[in-house]
Amino acid sequence: MSTAPPPATPAVAVQVFGDRLPQAEVFTALLSDSGVSHGLVGPREVPRLWDRHVLNCAVVQEAIPAGVRLIDVGSGAGLPGLALAIARPDLDVHLVEPMLRRTTWLTDAVQAIGLDNVTVHRGRAEQFWGDLAAPVVTARAVARLAELARWCLPLLEPEGTLLALKGESAPEELAEDEAAVRAAGAVSEEVRYYGGGVLDPLTTVVHVRIGATVPRGVSGANPKAGGRRKNRRRR
């Protein structure tokens, strides 16, 4: 499959990535090339990779404390996980993705970009309950808030926060799913916006926080039972 050349780097990208901009450019080039040929990014998305995807994710770094572990659930093409790992080398980023084709691409991308703060795990979020935890969990274009809360809140450390990157209809979705999100263990929910002076429209993020008690995940099968596979790679 032929692929389009990567889009030109917008001037505002340096405001977000600083001296890490070259790594962000490598990432964007990978998305426009093998990201398309592997079916991770639609060909029509290539011209707007920066604004709609890479920068849209990276600006969320404002919501993340310094030096913490971050778990990105359903990483897919590394959005937002790899964008945040590039922008914030102080973070310990763990990408959780169930599909082998995608984890292979993510592992190769980590090496190509030259990141040493990323670990790739193959599996569903539920398979890591009790084994992997962080103060921050991110997810983008994975599922509705009710499902995200059920899958992701058990991965949080006490007082941790799920950052769910959503579209402009996030307030309506939160209103519809709030009861289910609370039932999953949340103690507060709030819609916030990021990327002022960089993006239009802004990035919409639903913050879902838990209290001192981490929710116990409930699924149809024991998440620690057979079938769990990890693909970890660090450089």
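Side notes on the structure shown:
- Pairs linking a residue in region 150-171 that is without any contact (Cβ under 8 Å) to a residue 40 or more places away in the chain to a residue that is open to solvent by less than 30 Å² (accessible area, probe 1.4 Å), with Cβ atoms under 7 Å and 6 or more positions apart or on different chains, are 167/204; 168/204; 170/204; 170/206.
- If you check 71, 86 for being in contact with a Lys or Arg (Cβ under 6 Å, 6 or more places away or on another chain), open to solvent by less than 10 Å² (accessible area, probe 1.4 Å) and among the aliphatic types (A, V, I, L, M), only one passes: 86.
- Within region 116-135, the set of residues being buried (at least 23 other Cβ atoms within 10 Å of the Cβ) and closer than 22 Å to residue 20 by Cβ comprises 118, 120.
- When restricted to residues that are crowded, with 19+ Cβ neighbours inside 10 Å and farther than 15 Å from residue 59 by Cβ, region 7-24 contains 1.
- Residue count for region 39-48, restricted to those that are surrounded by fewer than 17 Cβ atoms within 10 Å (Cβ to Cβ) and outside any helix (DSSP H, G or I): 2.
- Hits in region 178-190 (condition: touching a strand residue (DSSP E or B) at 6+ places or on another chain (Cβ under 9 Å) and part of a helix (DSSP H, G or I)): 178, 181, 182
- Total residues in region 1-59, condition basic (Lys, Arg) and touching an Asp or Glu at 6+ places or on another chain (Cβ under 8 Å): 1
- Test for residue 14: is it closer than 21 Å to residue 92 by Cα and either assigned to a helix (DSSP H, G or I) or touching a residue at least 40 places away in the same chain (Cβ under 8 Å) (or both): no
- Just one of the listed residues (179, 184, 109, 139) is more than 14 Å from the chain's Cα centre (by Cα) and within 23 Å of residue 41 (Cβ to Cβ), namely 109.
- Residue that is nearest to residue 147 (Cα to Cα), among those in region 90-105 that are open to solvent by 30 Å² or more (accessible area, probe 1.4 Å) and in contact with a Lys or Arg (Cβ under 7 Å, 6 or more places away or on another chain): 98
- Residues of region 185-197 that are of a type in the set (A, V, I, L, M, F, W, C) and open to solvent by less than 30 Å² (accessible area, probe 1.4 Å): 186 alone.
- Selected residue (criterion: nearest to residue 157 (Cα to Cα)) from residues of region 199-235 that are open to solvent by 90 Å² or more (accessible area, probe 1.4 Å) and modelled with pLDDT under 50: 224
- Every condition in (1) in contact with a Lys or Arg (Cβ under 7 Å, 6 or more places away or on another chain); (2) not in a strand (DSSP E or B) is met by residue 168 except one, and the failing one is (1).
- Candidates 66, 58 - the one that is modelled with pLDDT of 95 or more and either in a helix (DSSP H, G or I) or buried (at least 24 other Cβ atoms within 10 Å of the Cβ) (or both): 58
The values are calculated or read from the model by the stated rules, or taken from the named source; none is laboratory data. Computed from a predicted model, the values in this text were never measured in an experiment. Quick reminder, even Gly has a Cβ in these numbers, built from the backbone with ideal geometry, and neighbours come from all protein chains shown. SASA here: full protein model, heavy atoms, side chains in, ligands and nucleic acids out. Shrake-Rupley method; radii C 1.70, N 1.55, O 1.52, S 1.80 Å.
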